[in-house]
Every structure is written in C-alpha cells, then in structure tokens.
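Single-structure report; data block below.
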Amino acid sequence: MAQERSRSAARQAPRVRRPRSRREREELRQKIVLGLIGLAILVAVLVIVVPFVNRQVLEPRRALAHVGDVTITRADYDAQYKFNSLYLYDPSLLKNVFSAYEQNPNGVRSQLQQQIQQLPQAGSPDPQVLDAMVDNAVLVQSAPDANIRVTDQRVRQLLLRDLGGSSQPAASPTTTPTATPKAGPTPTPAPASPQQVDRFFDMLSSTAGISEDEYMKLVVAPQYVRERYTDEHVPKSGPQVHVRHIVVPTKKEAEEVLRKLRSGVKFEVLAKQYSTDTSNKDKGGDLGWAPKGVFVKPFERAAFSLTRPGQIAGPIHTRFGWHIIQLLERSSNRKLTDAQRQQVGAQLVQKFIDEHRAQLKRQGRLEVNLPPTPTPVPTAAPQG
C-alpha cells in the first residue's frame, strides 16, 4: 500500500521542465524565421499566381452567353473585340490587309504589331457587341431550319473567295474600303490560294493573336449563312415603287407641308426647305426605286398603296418622323439590284434570327450573362 501511494504521489507531482539550452533556443528561432519566410513566399506566389491563373486560364473560359448548344466565352468576346478594333469584322475589310500583306509582308507585320501594342484591353463586355455575337450564334446554329448546311470546307471556300485577287490598289490595314465606279464589266477575281491564306493567318496569329479557326467561326460562318439565305430567299425581281418624301419632326409641320403642296408649291422646293433627311433633301427627297423589305413598315405600306404617279400619301408616322410621300413610278416586276437584294436579305435574316432567338428563350436555352456596369468598346459599322 505504501508503495502504491508513493507511485501515485509521484504521478501527481508536477513535472519540472528542463530549461532549453542556448542551442535549442537558436534552432527554434531559426525554425520560426524560416516558417515566416516560407509564409511570405507563399503569399507572394499567391498574389502573383492567382491573378495570372484567373486572367489566363479561368477568365477566358468564363461563359458570357449560352445559345442553344453553343457557349460564347470571354475568349470569344476578346477575339471579336480585337476584330472590331482592327477593323477586321468583315472579310471584305480583311481583304485590304491580305492584299497589302501580299505586296509588303514585313510592312504589314510591323504595322499590326504597333496596332496590337496600342490596343487597350477589352474591359467589361459591351452589350451591343455581345448581342451581335449572340445573333450570329443563333443564325449559324439555326441554319439547318433554312436548309443551309454549314461545314468547315464551305466556310473556308468563302474565305478564299473573299480574300481573292482585286484590281484595286492595296489599302492600309486600317482603311475601310469604298466602292469605285468603273467603266465596262469587272472581271471576277480568282480566289486566294490555300497556301497564301495559311501564310497570312500564320502572320496574323504570331503578330495579333488572330487564328484562322477563330475568324472563320466568329466572322466567316455567319457571313456564309447570310449570303446563302439572301440567295435562296430574296427574289431577283418583283414589285417596286419609285417615290420621294419629305420628313419633318411633327405632325403639325407635316400638315403644313401638305397644305402648301395642295396650294401648288413644288415638292422639290418643300423638300429642300423642310425635310430633315439630309441624304436626299437636295434631290427633292427622291428615294429611287425600292422593293418591299427596304423601307420601315408604315412607310412601305403607304408607298405601295399609291397607284398613280403624282399621288400623295401622308402624313405617315415612323420612328424617323412624319412623312409626306409621293409616287413617281411603279412597276409590278422590276429587277432588284445587288444592293437592294442585300438590303432585303438583311431584313429577312434579322427576322429569321429574331424568331429563333425567341424560340430558344421560350425553351430556356438562351442565357446572356453580363456585369451590371459594362464598359463601351469599338463596334462594327452599322449595316445599311
């Protein structure tokens, strides 16, 4: 019993810690210092690596929109921003750079490098740019509903055609082309060769980060569907009217113009005096020949309701103002010009897109994700 009490007392007695030696204290201090240094290095690495991973890996993969089976990522948007900023949002504009590159490869390479260095970062997505990208995604994805088959081969053939030879002088990469009237027939240019296009996109990829695959997906494929839709759904001839108009801001002014017309004042005089349409007021308000599908609907209905030359309709209200319209000529079957077919085609294509966007939205297969305060970025030139 005494032994047990002795052992129990020994267990309960407090243990006296042996003081650390100087060497042990120094080793502990070194461990703490090394731990703090390691922690500082870890924090520094995280400060550098996390933003880098977010910027280079996670952010480019972020979905900005889901369009049916297609996802538009931040990387897609950044590519589109680059095309728009460099005025390469249309193959007919890219052709300028291609033609210049064929004549002066080093000069074009150097100029593009300078432009890329001066190009600001895209910033927050612009709703207008993203909306146009959604439209294009809807169009390409819905192409089978218009009996249009989109393949890589067909899209690349269009690219080769659009980058084909031209009798026009090569322009600067930043120059927007303008049409130059020529006397006599214009020969059809031969398409560019696949080898030329490969070399060209190798240069674009190395200097501007623009790949052929990105360009074909975001620019050429939608253009292919638009062209095919126009070819197959826009007639080559049809009813047309030749009208002129006077447009003013208010109905009261339109009624005043109408009273003066009825009192004998000439239409062209009143157009020059009153019309806010500066594109044609000095021509007496003459709009030329137009088929259905060119004018806004209220104007179109009024213009095509006129049956006798000289007959007047109005005041007609549209988003542009109040119109007085006069019929000059009418034809039941007049050939459409290429420009007219493109105008009508653009209207029909947009209607096709709007219908399929609405359908995808009803199905819950259309979602656009935008930050609350977007920053504006360059956009493509508006289509006429």
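The values are calculated or read from the model by the stated rules, or taken from the named source; none is laboratory data. Owing to the predicted nature of the structure, the values given are computational and were not obtained by experimental measurement. Note that each Cβ is placed from the backbone with ideal geometry, even for glycine, and that neighbours are counted across all protein chains shown.
Below is a table of values for the structure above.
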| quantity | calculated |
| --- | --- |
| Restricting the range 267-302 to residues that are among the basic types (Lys, Arg) and farther than 20 Å from Arg341 by Cα, the residue that is farthest from the chain's Cα centre (by Cα) | Lys272 |
| Test: residue in the range 233-246 that is under 30 Å from Ala75 (Cβ atoms) and surrounded by 13 or more Cβ atoms within 10 Å (Cβ to Cβ) | no |
| Within the range 303-322, considering residues that are under 24 Å from Gln342 (Cβ atoms) and out of contact with any Phe, Trp or Tyr (no Cβ under 6 Å at 6 or more places or on another chain), the one surrounded by the most Cβ atoms within 10 Å (Cβ to Cβ) | Ala303 |
| Answer residue from the range 288-302, given it is under 17 Å from Ala254 (Cβ atoms) and in contact (Cβ under 8 Å) with a residue 24 or more places away in the chain and is surrounded by the fewest Cβ atoms within 10 Å (Cβ to Cβ) among those | Val296 |
| Residue check for Tyr101: surrounded by 21 or more Cβ atoms within 10 Å (Cβ to Cβ) and free of Cβ contacts under 8 Å to residues at least 60 places away in the same chain | no |
| Unmet requirement for Leu336, which otherwise passes all of (1) free of Cβ contacts under 8 Å to residues at least 24 places away in the same chain; (2) over 29 Å from Lys252 (Cα atoms) | (1) |
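Quick grid of which residues meet (1) part of a helix (DSSP H, G or I); (2) in the same structural domain as Met133 (by TED's automatic domain parsing); (3) at pLDDT below 90:
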residue: Arg156; (1), (2), (3): yes, yes, no
residue: Ala183; (1), (2), (3): no, no, yes
residue: Ser205; (1), (2), (3): yes, yes, no
residue: Asp213; (1), (2), (3): yes, yes, no
residue: Val225; (1), (2), (3): yes, yes, no
residue: Arg228; (1), (2), (3): yes, yes, no
residue: Val243; (1), (2), (3): no, no, no
residue: Val247; (1), (2), (3): no, no, no
